[in-house]
Amino acid sequence: MKHVSCALTIAGTDPTGGAGVQADLKTFQELKSYGMSVVTSVVAQNTTGVKDVHHLTPEFIQRQLQVVSEDMPIHAVKTGMIANKAMMEEIRDWLKTSKTPYVMDPVMVAQSGDPLVEKEEQRYLKEQLLPEAALVTPNLPETETLLGERVNTEDDMQKAAVRIVEELGAKASLVKGGHLEGRAIDFLYDGRQLHVFEAERIDSENTHGTGCTYSAAITAYLSQGFDLLTAVGRAKHFVTEAIRHPLHLGKGNGPTNHFAVREEVERT
């Protein structure tokens, strides 16, 4: 019988398919992991922004987690949008009973810079949920929210990656430099040393869902048994190609191209 690698996303939706649960499932599929999902919030959004949101009850989120985990193998899990403390409590309790590698995409700040969760929820995520993570993948605004200070340079990013592990308790952290100018550079601190992942910076307005896609790709590779360094390196390539070959969809910040790596293979 063929072994099937299974990855679970716990996140909100995006009806355009560019971010959230839909982007995660597309990424899992493209990278040959069987994708599963637990929905936290149903979001009415498109490439121009969030228009409305409906949060599922913590009890129903817990029920989803229960039924999927009692029936299906889960080899890696990621979280995206978790809107409130009650949801976070249910997810934390489930993670504590799971031995599955956990990737946290700490979705706390919108692309506009507006906070997506309140101060109390930010504190709970940082103090209670983040220490459960095998890897946390903040962008620069999220890094600043986690640490309470500005991150303006590559040196700041390196220090922040270390602090997220040594002070906040994550097993590893990947601080992403997409909001800086210059090189598209990310720093991974695995609890022992810093690793650098660099790619060409691509000037594109089609970057909707890049954070979801990047963390989902890491999760897919971890579900397949790759070590963290390899998983991040491969995921960095996947998201870079997804930005490099845009689909030009939508009237705003368009989605990345989840087909890009497949198309790259077909071109060679």
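The values are calculated or read from the model by the stated rules, or taken from the named source; none is laboratory data. Model, not experiment: these values are computed from the prediction. We place every Cβ from the backbone using ideal geometry, glycine too, and count neighbours over all the protein chains shown.
Identify, by number, the condition in (1) in a loop (DSSP other than H, G, I, E, B); (2) buried (at least 20 other Cβ atoms within 10 Å of the Cβ); (3) of a type in the set (A, V, I, L, M, F, W, C) that Leu168 doesn't meet.
So the condition that Leu168 fails would be (2).
Can you confirm whether Met72 is in contact (Cβ under 8 Å) with a residue 60 or more places away in the chain and over 26 Å from Gly233 (Cα atoms)?
Yes: the conditions hold for Met72.
For region 14-60: of the residues being in a helix (DSSP H, G or I) and in contact with a His (Cβ under 9 Å, 6 or more places away or on another chain), which is surrounded by the fewest Cβ atoms within 10 Å (Cβ to Cβ)?
Once the filter is applied, the top-ranked residue is Gln29.
State which residue is nearest to Glu89 (Cα to Cα) when the search covers only region 20-76 and only residues that are among the basic types (Lys, Arg) and out of contact with any helix residue (DSSP H, G or I) (no Cβ under 9 Å at 6 or more places or on another chain).
Out of the qualifying residues, it is Arg63.
Please go through region 181-230 and give me each residue that is small (Gly, Ala, Ser), within 30 Å of Gln45 (Cα to Cα) and at pLDDT 95 or above, ordered by number.
Selection gives Ser215, Ala216, Ala217, Ala220, Ser223.
Residue by residue through region 75-99, note down the ones that are farther than 14 Å from Val21 by Cβ and assigned to a loop (DSSP other than H, G, I, E, B).
Listed by number, the residues that qualify are His75, Asn84, Ser98, Lys99.
Asp186: within 15 Å of the chain's Cα centre (by Cα), more than 23 Å from Ser37 (Cα to Cα) and acidic (Asp, Glu), yes or no?
Here the answer is yes, as Asp186 does meet what is asked.
Before we move on, is Glu154 within 22 Å of Met87 (Cβ to Cβ), acidic (Asp, Glu), surrounded by fewer than 22 Cβ atoms within 10 Å (Cβ to Cβ) and touching a strand residue (DSSP E or B) at 6+ places or on another chain (Cβ under 8 Å)?
Criteria not met by Glu154.
Count, please, the residues in region 189-223 that happen to be within 23 Å of Gln29 (Cβ to Cβ) and under 17 Å from the mean Cα position of the chain (by Cα).
The qualifying residues number 17.
Kindly evaluate Thr9 against the criterion of being free of Cβ contacts under 8 Å to residues at least 12 places away in the same chain, of a type in the set (S, T, N, Q) and closer than 23 Å to Pro131 by Cα.
Here the answer is no, as Thr9 does not meet what is asked.
Can you pull out the residues in region 61-101 that are out of contact with any strand residue (DSSP E or B) (no Cβ under 7 Å at 6 or more places or on another chain), among the aliphatic types (A, V, I, L, M) and surrounded by 14 or more Cβ atoms within 10 Å (Cβ to Cβ)?
Within region 61-101, Ile82, Ala86, Met87, Met88 meet the criteria.
Name the helices (runs of 4 or more DSSP H) wholly within region 171-268 that hold at least 2 residues that are of a type in the set (Asp, Glu)?
Hits in region 171-268: 260-267.
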